[in-house]
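Accompanying notes for the structure given below.
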Amino acid sequence: NMSVILIEMKHKDVNIRLGAIGKLNRSVLNKQPVKTRDEVIASLKNLLKDPEKSVRYEAAFDLVLIKPPCEETIPVLIEALKEGGSNANAAILAFQFFGLEAGSAVPALIEVMKRKTNTSAGEALCASILERIGTPEALEAIKPHKQKIARQIKLMKNPIKALRDSLSGTFAMTFGFLGLFWWSRSRCKKGDRIISWPLLIPVPFWGFCIYE
């Protein structure tokens, strides 16, 4: 009964308010008259100012799903982002429904994207949301991520060429050759026979570089 849910959303007990929010979803609301639907949305918006943060968060998450994008939820979603944990993860998913209107969330999203504890998937999702928001600050922040993705694609397509183009790969091959050279030289000084074939290892790499 929707009228009961509306009453429970105003209850003094935080657990009852949370339970009432949990009973709501888009499919349930779509079956209701427009007036009732508007009353539920208005009640959820009131809960965005609830003294209990868990109620604020749940109200914001529901509003984004019921009426995307609901700009009134942005301050609460930013609060959830800064808190971290499961609430931050839910807030990130919620921001997928927003565009330029979520510009105030860009600093918090950048911070989440750069967290060391963030997974590759989480970083990619944050970068995608920042690109969707599209402010200059957001687009500047995702440049390193885009460059990393471009390097990964390049490496998958042509690993030898990617190694050649990377400074670390060039240094590795050069120092590898020098190491083999000094190893052969030390054998010569000891009077041992020089084994020359290891010196040919870098040749295919250099030949490929010249050919390209």
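Taking all C-alpha pairs of the stretch 49-117, those more than 19 Å from each other amount to 24 percent. Relative contact order of the stretch 16-91, taken over Cα pairs closer than 8 Å and 6 or more residues apart, is 26 percent.
Taking only protein heavy atoms into account and a 1.4 Å probe, give the accessible area per residue of the stretch 40-123 in Å².
Normalised by residue count, the accessible surface of the stretch 40-123 is 46 Å².
Expressed as a whole percent, the accessible surface of the stretch 63-153 that belongs to carbon and sulfur atoms is 57, based on a 1.4 Å probe.
Diffusion of the stretch 1-98 by Stokes-Einstein, at 20 °C in a medium of 1.002 mPa s and with Rh set to the Kirkwood radius over alpha-carbon pairs, works out to 160 µm²/s. Summing charges over neighbours of Val76, with a neighbour being any other residue whose Cβ is under 13 Å away from its Cβ, gives -3 when K and R count +1 and D and E count -1. Near Gly103: Cβ cut-off under 14 Å, other residues only, Lys/Arg at +1 and Asp/Glu at -1. The net charge is -4.
The values are calculated or read from the model by the stated rules, or taken from the named source; none is laboratory data. Keep in mind that this is a model prediction, so the values were computed, not measured. Cβ sites come from the backbone with ideal geometry, for glycine too, and all protein chains shown count toward neighbours. For accessibility, only protein heavy atoms count, side chains too; no ligands or nucleic acids. Shrake-Rupley method; radii C 1.70, N 1.55, O 1.52, S 1.80 Å.
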